[in-house]
Structure formats: structure tokens, C-alpha cells
Amino acid sequence: LLVAVVLSLGAATWRRNLDYHSELSLWGRAVADGAGNVKRFYNLGLEFLLEDRGLLEAATFAVSADTAGLSAAARRGLDLLAAGQIQAAATAFERALRQDPEDVTALTGAGIARFLAGDPAGACRWLARVALLRPDDGSAHTNLSCALFAAGDTSRARSHALRAVSLAPRLAEARHNAGTLAAQTGQWAVARGHLEEALRLRP
């Protein structure tokens with residue numbers, strides 16, 4: 001009986017040690033065991049960030065549009081994008097841009113559509129034009145930082161993320177991106193400051 005008990009406890013310890021081997025595994029199990037615990041979700045999200053799982057690919061784009069001033073093609077593009085019809089949305093935005101090459105909403109939409117289609121380099125081209133047209137718009141730099149990060153240009157992504165924060169310190173997406181990118185280079189205090197501010201702005 002004693003041998004059976006020891007073997008049972010040993011097996012449980014071995015399984016638990018597998019959890020502790022990876023923080024991601026540990027917090028994943030904790031979330032599964034107690035899904036109502038907000039701190040566990042926070043820690044799991046933090047581990048995805050630290051494990052370099054591409055947290056910036058989450059909904060960190062900042063899109064705002066004056067729908068009253070939109071062309072029919074740009075409005076159609078936004079509707080298609082919201083419906084998840086990415087290729088059709090890209091076509092609609094490009095149609096809008098043939099009518100007005102400086103339509104910022106269409107340029108932003110085209111960039112996000114390219115990003116969602118798995119073409120971060122194409123997204124960078126569209127979103128860089130927005131940042132050139134609107135150099136003082138924090139959202140423009142936030143969106144470009146996402147695309148640059150996905151394209152592997154971390155240095156320029158960080159530069160645009162910090163520019164976004166300086167222009168729009170109350171934009172949660174800007175804070176989120178700056179914090180995520182700071183964490184990529186081990187700037188934990190800086191990352192924590194930005195991410196906590198993002199949570200405060202968008203609880």
C-alpha cells in the first residue's frame with residue numbers, strides 16, 4: 001500500500017513538474033482550472049508575449065472613419081472588412097483609391113486588408129502612405145508599427161510605436177504596441193508601464 005501511495009504521489013509530482021517546465025503551460029492549465037480568475041488570463045497573455053507568439057497580431061490596429069464623408073467604395077470596403085471578406089474588401093478599397101489616391105480611410109483599410117491576407121510587406125506600403133499624409137496622427141503610426149513588426153522590421157516598428165505614443169498618449173493601441181515591442185528587447189519596466197496604461201485606458 002505504501003509503495004502504491006508513493007508511486008501515485010510521484011506520478012502527480014512528475015506531471016506537475018511538466019507544467020512548471022513552461023510558464024505558458026503552467027498558466028494555460030491554471031486558466032483551464034479556474035476560468036473566472038482575471039489574473040490567470042493576464043499571466044497567460046503575458047506568457048504568450050514573452051514566448052514571442054506574435055501578440056501584435058491581435059486587434060491592435062486603430063481605425064476611425066468619418067462615415068459621412070466616405071466614398072461608396074470606401075464604405076463598402078469597411079463593410080466587407082468587418083464581415084471578414086478580406087479580398088473583396090481590398091478590391092473595394094483599391095477602387096476607392098483610384099477615385100482619390102489620398103483617401104486615408106481607404107489607404108488604412110487597404111493596408112489592414114493586406115495584413116489580414118498575410119502580406120505584411122504590402123500592408124507596410126499602404127500604411128506608410130497614411131503616415132506620410134498624416135504625420136501627426138497617432139493612429140497612423142500605430143498601424144504602421146503593427147505592419148512593420150509583422151514584416152520583421154522591429155527597429156522601425158518600435159520607432160513608429162513610440163512616435164504614436166508621443167502623439168496620442170491616450171490611445172490604448174499605441175500603448176499596447178509600444179509595450180509589446182519594449183518587451184521583445186527585455187525592457188521590462190518600460191513594457192510594464194505602457195501595458196498597464198493600455199489596460200487603464202481600455203479596461
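The values are calculated or read from the model by the stated rules, or taken from the named source; none is laboratory data. Only a predicted model underlies this, so the values are computations on that prediction, with no experimental measurement involved. Neighbour counts are summed over all protein chains in view; Cβ atoms, including those assigned to glycine, are modelled from backbone coordinates with ideal geometry. SASA here: full protein model, heavy atoms, side chains in, ligands and nucleic acids out. Shrake-Rupley method; radii C 1.70, N 1.55, O 1.52, S 1.80 Å.
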Query raised in the report: How do 147-155, 168-176 rank on mean C-beta neighbours within 10 Å, highest first?
Result: 168-176, 147-155
Requested in this report: Just order 70-80, 107-117 by mean Cβ neighbour count inside 10 Å, highest at the front, would you?
Outcome: 107-117, 70-80
**Report entry** Descending principal axes extents, the range 61-203, alpha-carbon based, whole Å
**Finding:** 46, 29, 27
**Report entry** Rounded if a/c under 1.5, otherwise prolate or oblate - the range 142-203, Cα gyration tensor axes
**Finding:** oblate
Report summary line: Mean accessible area per residue over the range 81-203 (1.4 angstrom probe, all protein chains present, square angstrom) is 47 Å²
Query - Whole-percent carbon and sulfur share, accessible surface of the range 126-189, 1.4 Å - result: 53 percent
**Report entry** With all protein chains modelled, accessible area of ARG192 [1.4 Å, Å²]
**Finding:** 140 Å²
